[in-house]
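For reference, the structure is listed below as structure tokens.
Bear in mind these aren't lab numbers, they're just calculated from the coordinates by the rules spelled out. Note that this is a predicted model, so its numbers are computed, not measured. Neighbour counts are summed over all protein chains in view; Cβ atoms, including those assigned to glycine, are modelled from backbone coordinates with ideal geometry.
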Amino acid sequence: MAIASTIFRARDLEGGAQHLVFCLVAVVLAAGVFYVDTYTDIEGAIAVLYVITMLLAAQATTRVGLLAISGCCAVLALLSYAMTHGDDGDLQSTVRLIVALAALAVTTMLLMKTESARLTLLSINSALKESEERYRSIFDRTRVALWERDYSKLHALLMNLKRQGISDIREYSRANPGFVDRCIDLIDVVASNEAAREMLGPNGSAMGALKRTILPTQDKFIDVLQAIADNRRVFEDKAVVRTDSGEDKLVLLSISFPADPASFNRVVVSMVDVTQREMALKALAEAQAELTNASKAATVGAMSASLAHELNQPLGAIIVNAQTLLRWLDRDPPDLAAARRSAERMIRDSERASEIIRNTRSLLAHADGKLESFRLDDLIDETLTLLEHELQRSGTTVVVEKEETPLLKAVRIELQQVLINLITNAIQAMDEAGSGERVITVRKEKQDDDAIRVTIRDSGPGISAEAKEKLFSPFFTTKASGMGMGLSICRSTLEARGGRLDGGNHPEGGAVFAMSMPIRPETDHA
Ligand code: ADP
């Protein structure tokens, strides 16, 4: 069996039968040539006819077979020569033998070459087939919806318009209302994969279905036409498509146009359904906006609490001084000098109360989201004043390292919210862990020519390994009454302005959060 397969080409029964016929005819022919060469008086290079045997055998044998048959034919020619001219070999018959053997050798060589070319071709063919099958199976099985579409007629139409000097397709389609429909009709769907049929429905890829899929109200198709007219190689955008069942889906549409105009009959179109993702993102953005508002409300709440706390003291003093003043006046004779001193103290306390109210007002006036220039030190001082009550209650000391930093351009209230959040988190962490010495260190430094970094370090328990990974994820909290939105909002607030926020543990203990922000943002990022 192994020998047969090295000699014969056939790999199946049908081919085997055909090849057997070729071999039999070749054997009969070889026998005929041998007979005529040996037993007849015909003068001539009869042995040359062995070449025909070779040509016939070449249809059925491999290169090994060819060599074997060529060898047999040469032996037959020599045998015939020996039998007929063994004793008296003349020059003529010897030359005829040499010519016949040369013809056999040359034919064998040529046939061997042809056979190797045939084998190369066969292997290229099978590689091609395999690669085609591979790509076909990728096309069919991938979860991305794919279409092979013929855009050649559409391409020709658009190129024709271009030659006429029409390059603005949008304007042209406005002036010619039936143009878009005509263009859609020029596209043929050659093939689609299963994901494509799942996405648009079983008829989504059928002829004429494109008109249903492409919404008349949306301009995206005109953008595609413009991309073809501009000879762009790729078109990528979001688009809304309509399925068989009439449902609209938001997809990421991608079309690769070939460089060669002749290949516009095979354009690959892909779509990824992003409807759900887009809805989820929208819901998340809405939730974040709501929570940001909630956080702003919390800041205002903190401000009011601080206001109430700070006003309490001067108001209390005014009452005490008013009572004292009354007492001085009730004396007989009234002590006017003492009464005056009480009145002056009342005026001073009232002025302090007005000052507190004025400050809070100006703080709230900054809440309009505008970029403004200010000193970071002032902002930190102001924030610490706001949190003074909370800091005192928890017995926390704040150390601000006084390093000179340039004027900062930012939205003041936003940075204040981030600072309030980070300091409140630090106070709560130290509270929860019952830390003995409670210190928050605020350090500010120039990160480079364009950015400032503020780090807030506490002497609390630090961030656990579990919390580290999810620290900035929305809704991650380890507190019983926490919302888990503070750090997530702080990070997105800073990132929206071109800054960043990172958190981790300090090598000497406690948590440390680093916020960096551009000194002069070029534009209003948010
Ligand atoms: P919340 O304060 O509502 O929990 P945050 O997003 O502000 O939400 O914080 C998320 C979590 O990060 C906290 O629950 C806490 O586990 C951890 N965390 C934040 N700041 C610190 C800190 N300074 N020290 C230790 N853990 C912290």
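Annotations
- Separation of alpha-carbon centers, segment 262-282 and segment 438-469, rounded to whole Å: 43 Å
- Unsatisfied cross-links (Cα-Cα over 20 Å) in the set 282/470; 370/409; 220/249: 282/470
- Extension gain, residue 92 to residue 401, is 99.5 nm, computed as 0.36 nm per intervening residue step minus the present C-alpha separation.
- The orientation-averaged projected area of the convex hull spanned by the Cα atoms of segment 401-526 comes to 8.1 nm².
- Legend: ranking of residues 441, 397 from fewest to most surrounding C-beta atoms inside 10 Å; resulting order 397, 441.
- Exposure proxy ranking for 179, 34, based on other Cβ atoms within 10 angstrom of each Cβ and starting from the fewest, stands as 179, 34.
- Qualifying aspartates and glutamates (Cα of each under 14 Å from Cα of residue 468; at least 8 residues distant if same chain): 502
- Take the Cα of residue 191, step 7 Å toward its Cβ, do the same at residue 168, and the gap between the two points is 4.1 nm.
- Dipole magnitude of segment 142-248 about its Cα centre (Cβ charges: Lys, Arg +1; Asp, Glu -1), debye to nearest 20: 280 debye
- Here's the list of lysines a cross-link from residue 402 could span, going by alpha-carbon distance under 26 Å and ignoring same-chain residues fewer than 8 apart: 444, 446.
- Here segment 375-393 and segment 123-156 have alpha carbon centers that stand 66 Å from each other.
- Under 28 Å from the Cα of residue 113 - lysines, other chains or at least 8 residues apart: 129
- In a reduced charge model with +1 at each Lys and Arg Cβ and -1 at each Asp and Glu Cβ, the chain shows a dipole moment near 820 debye about its Cα centre.
- Cβ crowding within 10 Å averaged over residues, with 335-342, 76-83 ranked highest first: 76-83, 335-342
- Working note: 222 nm ellipticity from helices only, DSSP H runs with n ≥ 4, each -39,500 (n - 2.57), summed and divided by the residues of the chain, gives -19500 deg cm²/dmol to the nearest 500.
- Candidates 474, 392, 505 compared by Cα position along the dipole of the chain: farthest toward the positive end lies 392, with charges placed on Cβ.
- Isotropic mean projected area of the C-alpha convex hull, segment 421-480 (nm²): 5.2 nm²
- Segment 220-244 and segment 470-525 have their alpha-carbon centroids 40 Å apart.
- Rel. contact order, % - alpha carbon contacts under 8 angstrom, at least six apart, the chain: 8 percent
- Semi-axes of the equivalent ellipsoid for segment 382-445, computed as √(5λ) from the eigenvalues of its C-alpha gyration tensor and ordered from largest down, come to 23, 13, 10 Å.
- Segment residue 432..residue 135, full-extension length gain: 100.9 nm, with 0.36 nm per residue of separation and the alpha-carbon distance subtracted.
- For the pair residue 262 and residue 311, label points projected 7 Å from Cα toward Cβ lie 8.6 nm apart.
- Once the chain from residue 475 to residue 102 is taken as fully extended at 0.36 nm per residue, the excess over their C-alpha distance is 125.2 nm.
- Using the alpha carbons alone, the radius of gyration of the chain stands to its Kirkwood radius in an Rg to Rh ratio of 1.38.
- Helical segments meeting 20 Å axial Cα length and Kyte-Doolittle 0.0 threshold in the chain (DSSP H): 13-39, 63-85, 91-141, 275-330, 412-433
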